[in-house]
Amino acid sequence: MEVSTTVVQTENIERELKLASTLFQVAKDLQKKDIQIFTFKGPILSHYLHNDFTLRTFKDCDILVLEKDL
């Protein structure tokens, strides 16, 4: 039995939106503690290139934190 392309796309979109939401929550929580992060690839790149978080697939979120904030 094959999984339809639409089902896979829907699952990808749901995962990507959940990851993007998690990234924004982490950024918000860290900002409250005056910890600045830098994001790249993943949802940020997708939004920058396509103005849409769901047009690029990604499986994780990459962030950089200043060494002083570790």
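The values are calculated or read from the model by the stated rules, or taken from the named source; none is laboratory data. What you are looking at is a predicted structure, and each value in this text was computed from that prediction instead of being measured. Please note: Cβ atoms are built from the backbone with ideal geometry, for glycine as well, and neighbour counts cover all protein chains shown. What goes into the accessible areas is simple: the full protein's heavy atoms, side chains included, and nothing from ligands, DNA or RNA. Shrake-Rupley method; radii C 1.70, N 1.55, O 1.52, S 1.80 Å.
A few comments on the model shown:
- Search result, residues across region 18-60 that are touching a strand residue (DSSP E or B) at 6+ places or on another chain (Cβ under 7 Å) and of a type outside the set (D, E, K, R): LEU23, ALA27, LEU30, ILE35, ILE37, PHE38, THR39, PHE40, GLY42
- Residue in region 46-61 that is hydroxyl-bearing (Ser, Thr, Tyr) and open to solvent by less than 90 Å² (accessible area, probe 1.4 Å) present: yes
- Residues in region 21-69 that are modelled with pLDDT of 90 or more, of a type outside the set (D, E, K, R) and in a helix (DSSP H, G or I): SER21, THR22, LEU23, PHE24, GLN25, VAL26, ALA27, LEU30, GLN31.
- Residue check for ILE35: of a type in the set (A, V, I, L, M, F, W, C) and either open to solvent by 70 Å² or more (accessible area, probe 1.4 Å) or out of contact with any helix residue (DSSP H, G or I) (no Cβ under 6 Å at 6 or more places or on another chain) (or both): no
- Criterion: more than 13 Å from the chain's Cα centre (by Cα) and open to solvent by 80 Å² or more (accessible area, probe 1.4 Å) - qualifying residue of LEU30, LEU70: LEU70
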